[in-house]
Amino acid sequence: MTDYIQEQEMEIEALEAILMDDFKEIHSGESGLNTSKRCFQIKVTPVDDEADEVTTAPVQLALIFSHTERYPDEPPLLNLNSLRGIQGEHLRILKEKLQQEASENLGMAMIYTLVTSAKEWLSEQYCQDTSIDDAEAEEAAKDDVIVPHGEPVTVETFLAWREMFEAELALERAKLMPEAALSAPKEKRLTGRQWFESGRHAVKGAAPATEGSDEEDVEDIDFDDDDFEDDEDDMLEHYLAEKTDSSSHSSKRETN
């Protein structure tokens, strides 16, 4: 023989542990149920996808129940009250739905199952508009994102730019060298690196230093080795060779 009273007490203890502040016992006169047995109220709010419950739920209802003598082999007594924002017609529809589910779950403790079903139903009825608004706001935010235009910077494009920049820089440095350095024989010609390290580039076209000259008037400029790479020297020599050839052709034309 089933001990209905023990099963009912065990279910009440489990509901108290799970629902905590949302679960409380109320007087039978407040329940709206036609019974003198113990009555209980559970606060039900919609289910949130990212949390157990919506913290600022737009709606909330009170699910009121009382065990019958042969529960769970017969359905519990149920009543629904709106605590916030629920239409009377929706309360009627949901109550019929929960009563149908109770009939389908006879033989087992079902109150928590009914609470879960009520949460899901409230979410479908009252939270869809909020989800749509959130989706529209998210789409609008995506439209406001500024997409950068132009060619993206990659390793390849950066290296190509740096090579062009260094070539232009090497040519500019070569233009600071006097014509005497440009027309000197190759074996006596200073490389761009040697020229800059010697400090003779301080004044374009300056005469070579002689003995007894005031060397203190010449400002020494220090350069790090990193400022002049081998590839820059090669570019300088190539530029000097072109300048020398150009100067030789000009001298021949003047002689003729």
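The values are calculated or read from the model by the stated rules, or taken from the named source; none is laboratory data. Note that the structure is predicted; figures quoted are calculated from it, not measured. Using ideal geometry, Cβ is built from the backbone for each residue, glycine included, and neighbour counts are taken over all protein chains shown. In case anyone asks, the SASA skips ligands and DNA or RNA and just uses the protein heavy atoms, side chains included. Shrake-Rupley method; radii C 1.70, N 1.55, O 1.52, S 1.80 Å.
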Against the conditions (1) at pLDDT 95 or above; (2) more than 21 Å from Asp21 (Cα to Cα), where does His67 fall short? Just the number, please.
(2)
Complete set of residues in region 95-119 that are surrounded by 14 or more Cβ atoms within 10 Å (Cβ to Cβ) and closer than 17 Å to Pro46 by Cα:
Lys95, Lys97, Leu98, Ile111, Tyr112, Thr113, Leu114, Val115, Ser117, Ala118, Lys119
Tell me whether region 48-65 contains one or more residues that are closer than 19 Å to Ile5 by Cα and either of a type in the set (Gly, Ala, Ser) or open to solvent by 30 Å² or more (accessible area, probe 1.4 Å) (or both).
no
Subset of region 152-193 [of a type in the set (S, T, N, Q) and either exposed (fewer than 10 other Cβ atoms within 10 Å of the Cβ) or at pLDDT 80 or above (or both)]:
Thr154
Asn79 is checked against (1) open to solvent by less than 60 Å² (accessible area, probe 1.4 Å); (2) out of contact with any Gly (no Cβ under 9 Å at 6 or more places or on another chain); (3) at pLDDT 95 or above and fails just one. What number does that condition carry?
(2)
For region 43-58: of the residues being touching a helix residue (DSSP H, G or I) at 6+ places or on another chain (Cβ under 6 Å) and within 25 Å of Ile12 (Cα to Cα), which is modelled with the lowest pLDDT?
Val47
Quick check on this structure: which one of Arg92, Arg38, Arg84, Arg70 is free of Cβ contacts under 8 Å to residues at least 24 places away in the same chain and either open to solvent by 50 Å² or more (accessible area, probe 1.4 Å) or hydrophobic (A, V, I, L, M, F, W, C) (or both)?
Arg92
(1) assigned to a helix (DSSP H, G or I); (2) open to solvent by 60 Å² or more (accessible area, probe 1.4 Å) all hold for Leu19 apart from (2)
